[in-house]
Amino acid sequence: QVHFVESGGGLVQPGGSLSLSCVPPESVFNFFAVGWYRQAPGKQRELVADMTSGGRIRYGDAVQGRFIISRDDAKNTVSLQMDNLQPEDTAVYYCHAGNHGSYFYPEPNRELWGQGILVTVSS
């Protein structure tokens, strides 16, 4: 049974801020990258931000400059600070841990998903 501990999210007005936190079921260092994806109604799931075990960060184009991903190694936690939120950021946000096809790992295609947190941006 895969069990992520995801927290944060909720309702915020446009221009506001929220933060999300995720504790994966295993050490973040067991995966090539851990981060956040989101899925809005009627849209495909998309990358928000992720961080490799080596600390390299990727951001989705839609959130670049507004969101910041960080990691607390001691707490095995990956967090997402979301600023200047807009209605188009409304979505279910999923924590993701995966190996992205990296043959450095025994299971290159292994990936785990959290249950998701709803973020609603509305006035």
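Couple of notes before you dig in:
- Pairs, first under 17 Å from VAL63 (Cα atoms) in the range 1-23, second modelled with pLDDT under 95 and surrounded by 15 or more Cβ atoms within 10 Å (Cβ to Cβ), C-beta under 9 Å, six or more apart: LEU18/GLY9; SER19/GLY9; LEU20/GLY9
- The residues on offer are ALA40, ALA49, and the sole one that is under 22 Å from PHE104 (Cβ atoms) and at pLDDT 95 or above is ALA49.
- Within the range 1-13, being at negative phi and either in contact with a strand residue (DSSP E or B) (Cβ under 6 Å, 6 or more places away or on another chain) or among the aliphatic types (A, V, I, L, M) (or both) holds for VAL2, PHE4, VAL5, GLU6, SER7, LEU11, VAL12.
- Scope the range 15-58; condition more than 13 Å from MET82 (Cβ to Cβ) and among the hydroxyl-bearing types (Ser, Thr, Tyr); matching residues: SER27, TYR37, THR52, SER53
- Every residue from the range 1-13 that is open to solvent by less than 60 Å² (accessible area, probe 1.4 Å) and either more than 12 Å from the chain's Cα centre (by Cα) or closer than 19 Å to ASN84 by Cα (or both): GLY8, GLY9, GLY10, VAL12
- Condition check for THR120 on (1) open to solvent by 20 Å² or more (accessible area, probe 1.4 Å); (2) more than 14 Å from SER19 (Cα to Cα); (3) of a type in the set (S, T, N, Q): one failure, at (2).
- The number of residues in the range 14-42 that are under 13 Å from TYR93 (Cα atoms), open to solvent by 40 Å² or more (accessible area, probe 1.4 Å) and in contact with a strand residue (DSSP E or B) (Cβ under 7 Å, 6 or more places away or on another chain) comes to 2.
- Subset of the range 43-100 that is under 18 Å from SER27 (Cα atoms) and acidic (Asp, Glu) - its residue that is least open to solvent (accessible area, probe 1.4 Å): ASP50
The values are calculated or read from the model by the stated rules, or taken from the named source; none is laboratory data. From a predicted model like this one, the values you see are computed outputs, not experimental measurements. Virtual Cβ from ideal backbone geometry, glycine too; neighbours counted across all protein chains shown. Surface accessibility is based on the protein's heavy atoms, side chains included, excluding ligands, DNA and RNA. Shrake-Rupley method; radii C 1.70, N 1.55, O 1.52, S 1.80 Å.
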